[in-house]
Amino acid sequence: MDPYFATSDPCWLRPENARALLDREVVVRGDGCAATVRRDVDLLRALTGLAPVAGRGRVLVATVGDLTAEGDDDVVGRVPEGLTADGYAVVPDDEGVVVTALDERGLLHGFYALQRHGEQLLTTDVPVLDVPGNPVRMINQWDNMRADGPMGSVERGYAGRSIFYADGRVVADRSRIRDYARLLASVGINALSLNNVNVHADESRLLTEHLADVADLAGILREYGIAAYLSVNFAAPIELGGLATADPLAPDVAAWWRRTTDAVYEAIPDFGGYVVKADSENRPGPFSYGRDHADGANLLAAALEPHGGRVFWRCFVYDHQQDWRDRSTDRARAAYDHFMPLDGRFADNVVLQVKMGPMDFQVREPVSPLIGGLERTNVAVEFQVTQEYTGHQKHVCYLVPQWREVLDFPTRGDDGAPVREIAAGRTFARPVSGVCAVSNVGDDRTWTGHPLAQANLYGFGRLAWDPTLAPDVVLDEWLALTFPGADEVHAALREIMAGSWLTYERYTAPLGVGWMVNPGSHYGPSVDGYEYTAWGTYHFADRDGVGVDRTVATGTGFAGQYHEPWASTYEDVTTCPTELALFFHHLPYDHTLRTGSTVIQHIYDTHFVGVEEVEAMVTRWQGVAHLVAAEVSDEVSRRMAEQLRSAREWRDQITTYFWRKSGVPDAHGRAIH
Ligand code: GCW
């Protein structure tokens, strides 16, 4: 029998959560994802010893097609309108409930919903419909095949080594991968890219030499309704094919991609497609051949098109060899400047994958203007679940509120479409749009290093499925599933986690200016760490003020990339949201913000308050730690101690730096060094 989280924490899929389901007779029809449901039911019964209890009723799991064929017209007639691919309905009948869907993936999602919502959903007296808000719900692994490269086993991974690869090959024991697929499917993820977007020589060969292993991984994912993707090297025709060029317009290059892709589909008929990072941070791309990114993306799209595959082409393209003395170049502008002129030139199976902000997953950024700019191109918004700039999974930082804010932002201004509508492809009919996120898991027993960081993976999946879910609702779901029945723990963790993103923002880089982290690791404070580097991530603090002038009038002009009213709102310091004040403006320390506080006093206040909030978190946690299993609580306690140390270090370095620069003392006379 397959293992069920044999070597790891089951996260939110604790077998006891299935009790209400297992108390009932479960009848599953079908042999695709339905077979997975049947097997998981058997596994859960074996693990829990729970058998159907007389009088509790039965749960029938079957597609609409199946029900129709069996003559269950009454049930089919009561399926609410609006069922779509991957979605499900739960319809009460005389014997209990029927979980139904157009396809077997939908059955799988319904099955996990019955574990998530238990008795409440199983006893519904009205038919319930739940369909995904985004067609594409993708996770990107940044996993490397070897651990000895500069970025280790998982680039920006904070939870141990890759669960997919070791020593240059796909791991032999794939039970952990199956458990991961189960976790992802349980929150509705339907696509997974299997390797780092920085494709090194080993991973490049996943496409060719390791294809049998990839097919095996794709087979596991298929059982869970997840399509496999590979990140590919744009220069693969040279690297793997021995060609002299990777020029997207060269016929032999196109032929190589076609042949190679045909072979992939022969091995994996439902392969998802490619993810590409090109002309970005030393990755090869079309620029080397004097071509643009539409030429590059369409090359791969043409190879994938006959098979129904897609290219996720990343827009994280900027000059990472900037001269810090050059004030005319602004990294924030780069994605829009590169890709907006190409809108309309991409093939139908190209999806532009745009990071949520114009810079790089900072704790606070405005929404990328490219998301609202593109009108004739599929868009997927990229989020980062791994906590690269948000505390390396040593700090508690529940990111769902940040993502929800991005998804809600009415970036197109007057036509009102929020990012979530754009990502869902509802504006301008873009059928393969959606959301992607960089994974935060590794082979750590808890999957995510910090046990509480599991909430971010859970939350991303839930928001990808339903981008209108409230962050607190998602948090409550996660708490209930992860710490079943522990009300006091829920109350404490709710307080600790709900506002933890804003707390993190308070004690780190102020007012949207970003970075101020140690170069390379991106952990811990170093105010000038990136100030004189080539990365384009500056704060420009001097004795008079701080911030980046991105206005059209006097700065880099970035504010002008937005639709109205945002262009004017950001341009004008009196209307620019306070939390983005230094992202858009270089302000004197004595400038009065919209909050009534001066810039310098705001910096002091938020940093002192941020640390006080972490102190309160620690105290709150200490009150309930004994109610949680020791292996989890020790891990949380250890990491919280580090969070507190680090937050104090941030506070002290930031306040001291700005006091020394400005000479302005703290109005409240607190200790600055
Ligand atoms: O945030 C930066 C990271 C890189 C990463 C890059 C990207 C995979 O520091 O490690 O590379 O973004 O998104 O491509």
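Quick notes on this structure:
- Test: residue in the stretch 499-513 that is within 13 Å of residue 455 (Cα to Cα), without any contact (Cβ under 8 Å) to a residue 24 or more places away in the chain and part of a helix (DSSP H, G or I): no
- Counting only strands (runs of 3 or more DSSP E) that sit completely within the stretch 42-110, those holding 2 or more residues that are within 30 Å of the chain's Cα centre (by Cα) and not assigned by TED's automatic domain parsing to the domain that holds residue 225 correspond to 88-93, 96-100.
- Subset tally (residues that are of a type outside the set (Phe, Trp, Tyr), part of a helix (DSSP H, G or I) and over 17 Å from residue 328 (Cβ atoms)) for the stretch 537-594: 9
- Per-region count, the stretch 326-385, residues in a helix (DSSP H, G or I) and more than 20 Å from residue 299 (Cβ to Cβ): 13
- Test result for residue 310, open to solvent by 40 Å² or more (accessible area, probe 1.4 Å) and either within 20 Å of residue 196 (Cβ to Cβ) or at pLDDT below 95 (or both): yes
- Some residue of the stretch 9-27 being polar (S, T, N, Q) and either part of a strand (DSSP E or B) or in contact (Cβ under 8 Å) with a residue 60 or more places away in the chain (or both): yes
- Selected residue (only one of 248, 284, 237 is touching a Gly at 6+ places or on another chain (Cβ under 6 Å), under 27 Å from residue 339 (Cα atoms) and not hydroxyl-bearing (Ser, Thr, Tyr)): 248
- Scanning the stretch 66-123 for residues that are more than 30 Å from residue 476 (Cβ to Cβ) and among the β-branched types (Val, Ile, Thr), we see that the one that is surrounded by the most Cβ atoms within 10 Å (Cβ to Cβ) is 75.
- When restricted to residues that are within 12 Å of the ligand (Cβ to nearest atom) and aliphatic (A, V, I, L, M), the stretch 189-214 contains 2.
- Residue in the stretch 114-137 that is within 16 Å of the ligand (Cβ to nearest atom) and touching a residue at least 60 places away in the same chain (Cβ under 8 Å) present: no
- Flag if residue 475 is open to solvent by less than 10 Å² (accessible area, probe 1.4 Å) and farther than 21 Å from residue 334 by Cα: yes
- Evaluation of residue 145 against (1) within 16 Å of the ligand (Cβ to nearest atom); (2) open to solvent by 20 Å² or more (accessible area, probe 1.4 Å) (one fails), failing number: (2)
- Residue within the stretch 211-218 that is farther than 30 Å from residue 176 by Cα and open to solvent by less than 30 Å² (accessible area, probe 1.4 Å) present: no
- Hey, residue 465 touching a Cys at 6+ places or on another chain (Cβ under 6 Å), more than 16 Å from the ligand (Cβ to nearest atom) and among the hydrophobic types (A, V, I, L, M, F, W, C) or not: no
- Total residues in the stretch 232-268 satisfying the condition of being of a type outside the set (Gly, Ala, Ser), more than 26 Å from residue 171 (Cα to Cα) and open to solvent by 30 Å² or more (accessible area, probe 1.4 Å): the figure is 8.
- Every residue from the stretch 431-457 that is within 16 Å of the ligand (Cβ to nearest atom) and among the small types (Gly, Ala, Ser): 437, 439, 442
- Just one of (1) in contact with a strand residue (DSSP E or B) (Cβ under 8 Å, 6 or more places away or on another chain); (2) open to solvent by less than 60 Å² (accessible area, probe 1.4 Å) fails for residue 45. It is (1).
- Test: residue 418 is within 21 Å of residue 643 (Cβ to Cβ), more than 16 Å from the ligand (Cβ to nearest atom) and open to solvent by 10 Å² or more (accessible area, probe 1.4 Å): no
- Condition check for residue 229: modelled with pLDDT under 95, of a type outside the set (S, T, N, Q) and either outside any loop (DSSP other than H, G, I, E, B) or crowded, with 23+ Cβ neighbours inside 10 Å (or both): no
- Pairs are defined by a Cβ separation below 8 Å, a sequence spacing of at least 6 or placement on different chains, a first member in the stretch 639-659 that is farther than 20 Å from residue 511 by Cβ and of a type in the set (Gly, Ala, Ser), and a second member that is assigned to a helix (DSSP H, G or I) and at pLDDT 95 or above; the pairs so defined are 641/618.
- Looking across the stretch 162-175 at every residue that is farther than 21 Å from residue 452 by Cβ and in contact (Cβ under 8 Å) with a residue 60 or more places away in the chain, the one that is least open to solvent (accessible area, probe 1.4 Å) is identified as 162.
- Residue in the stretch 405-423 that is in contact with a strand residue (DSSP E or B) (Cβ under 7 Å, 6 or more places away or on another chain) and modelled with pLDDT under 95 present: yes
- The stretch 480-490, subset small (Gly, Ala, Ser) and without any contact (Cβ under 8 Å) to a residue 12 or more places away in the chain, residue farthest from residue 451 (Cα to Cα): 485
- Checking each residue in the stretch 39-55 for being within 20 Å of residue 190 (Cβ to Cβ) and without any contact (Cβ under 8 Å) to a residue 60 or more places away in the chain picks out only 39.
The values are calculated or read from the model by the stated rules, or taken from the named source; none is laboratory data. What you see is a predicted model, and the numbers here were worked out from it, not measured in a lab. Every residue, glycine among them, receives a Cβ derived from its backbone with ideal geometry; neighbour counts consider all protein chains shown. We work out accessible area using only protein heavy atoms, side chains counted, and drop any ligands, DNA or RNA first. Shrake-Rupley method; radii C 1.70, N 1.55, O 1.52, S 1.80 Å.
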